[in-house]
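J.: So that we are looking at the same thing, I have put the structure below in structure tokens.
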Amino acid sequence: NLGPVVNTKGRDGGPALSADGRTLIFHSARSGGQGSWDLWMSTWDSPGEPFGEPVDMGPVVNSSEIDSHPALSKDGRTLIFVRGGKTSHDLWMSTRISTSEPFGEPVNMGPIVNRGEDNIGPNLSDNGRTLIFTSKVQRRASQWKSTRAASDQPFGKPVDFETGIKGLTVQAPTIWTDGRTLIFTAGGDRGHGNYDQWMPTRTAVGEPFSSPVNLGADINSSEF
């Protein structure tokens, strides 16, 4: 547990960690933000030390709506997150020139990327050219993959990113650095609690994923 400096009694979640491990961005419903949920940032000076007091990412990034589930690119210059109300959520993107600069005004990723009524759980590949996320289309939540030719190009039309798991509510996919391992959250009655972490693998990028396996009681608990 990251302790009372980072966590509150409110809902804190959706963590995104920078490549150097020194910056943590997450969403929180704590007081002092711009809306009901905001994106907050906590940093540490050196490995082994605890994260410092989180700061709200401010009115440029956050809005009066729900801002949540951040995804940070490996170079630290692209931030993709979820914005919306109680029933509809879109993916938004904010960029910056360097990690020493603040993030700029977010833009909606538009109807090519955002599908259906609920787009959540974004994650970026190491090269920043593949985006995977969960979208609820026609009452079915599934994972989608959108790609782009370069980091300064727009993302293309998403395709269904089949993970081999059926009958569960799947969300928050995270692709491993080698592109061969996927970890995601799935809810249903097959795990240890309401939502568990699952992992499918594949032998090479471009190959299909195997059937997912539950990460077990050492990782999952009876809680959410």
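J.: Just to verify a result, which residue in region 99-141, among those that are surrounded by 17 or more Cβ atoms within 10 Å (Cβ to Cβ) and β-branched (Val, Ile, Thr), is modelled with the highest pLDDT?
T.: 113
J.: For residue 144, state whether it is of a type outside the set (Gly, Ala, Ser), open to solvent by less than 70 Å² (accessible area, probe 1.4 Å) and either modelled with pLDDT under 90 or part of a loop (DSSP other than H, G, I, E, B) (or both).
T.: yes
J.: Right, something else. May I ask you to say which residue of 63, 42, 31 is at negative phi, part of a loop (DSSP other than H, G, I, E, B) and modelled with pLDDT of 95 or more?
T.: So the residue among 63, 42, 31 that is at negative phi, part of a loop (DSSP other than H, G, I, E, B) and modelled with pLDDT of 95 or more is 63.
Conditions tested, residue by residue: (1) buried (at least 17 other Cβ atoms within 10 Å of the Cβ); (2) among the acidic types (Asp, Glu).
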| position | (1), (2) |
| --- | --- |
| 5 | no, no |
| 9 | no, no |
| 12 | yes, yes |
| 18 | yes, no |
| 44 | no, no |
| 53 | no, yes |
| 64 | no, no |
| 69 | yes, no |
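J.: Still on this structure, please answer the following. For region 99-109, which residues satisfy the criterion of being closer than 30 Å to residue 142 by Cβ and without any contact (Cβ under 8 Å) to a residue 40 or more places away in the chain?
T.: Across region 99-109, the qualifying residues are 107, 108.
J.: Please specify each residue of region 85-98 satisfying the condition of being surrounded by fewer than 21 Cβ atoms within 10 Å (Cβ to Cβ) and either touching a Ser or Thr at 6+ places or on another chain (Cβ under 7 Å) or free of Cβ contacts under 8 Å to residues at least 24 places away in the same chain (or both).
T.: Scanning region 85-98 gives 85, 86, 95, 96, 97, 98.
J.: With the structure loaded, tell me whether residue 8 is at pLDDT below 90 and not hydrophobic (A, V, I, L, M, F, W, C) or whether it fails that test.
T.: no
J.: Looking at (1) within 19 Å of residue 119 (Cβ to Cβ); (2) surrounded by 16 or more Cβ atoms within 10 Å (Cβ to Cβ), which is the one condition that is false for residue 23?
T.: (1)
The values are calculated or read from the model by the stated rules, or taken from the named source; none is laboratory data. Please read all numbers here as calculations on a predicted model, not as lab measurements. In this analysis, Cβ positions are derived from the backbone assuming ideal geometry, glycine residues included, and neighbour counts consider all displayed protein chains. SASA here: full protein model, heavy atoms, side chains in, ligands and nucleic acids out. Shrake-Rupley method; radii C 1.70, N 1.55, O 1.52, S 1.80 Å.
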